[in-house]
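Participant: I'd like to ask some things about the structure below.
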Amino acid sequence: SQKIEQNSEALNIQEGKTATLTCNYTNYSPAYLQWYRQDPGRGPVFLLLIRENEKEKRKERLKVTFDTTLKQSLFHITASQPADSATYLCAQFNNAGNMLTFGGGTRLMVKP
Amino acid sequence: DTGVSQDPRHKITKRGQNVTFRCDPISEHNRLYWYRQTLGQGPEFLTYFQNEAQLEKSRLLSDRFSAERPKGSFSTLEIQRTEQGDSAMYLCASSLRQGEDQPQHFGDGTRLSIL
């Protein structure tokens, strides 16, 4: 079965720096990868989706890349702010498109 | 867009009791999903509905779990004879239609604690 791996260790960075989070997957390459943000005690919130034929996708200070050769997606937050502190989850659907599999998430802490 | 709402937000019960959670999806969304999330982990898929039909169930969903979506609107998730291992956050999500390009809209979950 497909597995999605994210760095379980928290990422601590200084305000203003760029945060880079990694998502690795095994087995088949998904047609799409999704990224979500989750705050403590809240449900995940959809951020960005990238297609396999898109190398890069941007939304304001967010950038996602998708490398099907490395089986990896990188999630960047530029000019990070303390308000960006949260857990970030990557996810993909199974081949049938009916079940979303999430990675374990990476907690980001942005210090002022 | 009023978002996905879940009720209750917190539930504390004794082992062996039955519990029921409710999810109200975004009104025009056909697909409704249930997930379970434990501390430090990502959400794990439990089951999903296309309108009123339950189309997929995870192996995580034991016989003690049952979900319904009457009339394709709100959904309920019932856990019978709760066990300590059922303690988790139960999340509901909805999406407009089928497709890997469809984002899921999550509620804020029901946190279940088994004493």
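Participant: Between segment B:1-64 and segment A:1-76, what is the separation of their alpha carbon centroids in Å?
Facilitator: Measuring centre to centre over Cα atoms gives 24 Å.
Participant: Another question, then. Can you pull the Rg over Rh of segment A:1-101, Cα-only, Kirkwood?
Facilitator: Looking at segment A:1-101, the ratio lands at 0.95.
Participant: Using only the Cα atoms of the protein assembly as shown, construct the convex hull and provide its projected area averaged over every direction, in square nanometres to one decimal.
Facilitator: Hull-based average projected area comes out at 12.4 nm².
Participant: What number in nm² do you get for chain B if you take the convex hull of its Cα atoms and divide its surface by four?
Facilitator: Quarter of the Cα hull surface area: 6.9 nm².
Participant: What average count of beta carbons from other chains do you get within 10 Å of the Cβ of residues in A:93-103?
Facilitator: For this peptide, the per-residue mean of nearby foreign Cβ atoms is 6.
Participant: With only alpha-carbon atoms in the gyration tensor, what are the semi-axes of the equivalent ellipsoid for segment A:70-112, in Å, largest first?
Facilitator: After scaling each eigenvalue by five and taking roots: 27, 11, 8 Å.
Participant: Let me ask something additional. Can you give the accessible area of residue B:78 in Å² (nearest 10), computed on protein heavy atoms with a 1.4 Å probe?
Facilitator: Its accessible surface works out to 60 Å², give or take rounding.
Participant: Lysine pairs in chain A 8 or more apart or on different chains: how many have alpha carbons under 18 angstrom apart?
Facilitator: 8
Participant: Please give the per residue volume of the convex hull enclosing the alpha carbon atoms of segment A:47-103, rounded to a whole number of Å³.
Facilitator: Once divided by residue count, the hull of segment A:47-103 is 98 Å³.
Participant: Using alpha-carbon pairs under 8 Å, 6+ residues apart, how would you state the relative contact order of chain A in percent?
Facilitator: 37
Participant: How compact and how long is segment B:1-42, expressed as Rg and Dmax of its alpha-carbon atoms in Å?
Facilitator: 13.1, 38
Participant: Also, I was wondering about something else. Within segment A:50-112, report the trypsin sites (Lys or Arg not before Pro) that DSSP leaves as loop and that have at most 14 other Cβ atoms within 10 Å.
Facilitator: Listed in order of number, the matching sites are A:55, A:61.
The values are calculated or read from the model by the stated rules, or taken from the named source; none is laboratory data. On a predicted model such as this, the values are computed, not experimentally measured, just so you know. Virtual Cβ from ideal backbone geometry, glycine too; neighbours counted across all protein chains shown. Surface accessibility is based on the protein's heavy atoms, side chains included, excluding ligands, DNA and RNA. Shrake-Rupley method; radii C 1.70, N 1.55, O 1.52, S 1.80 Å.
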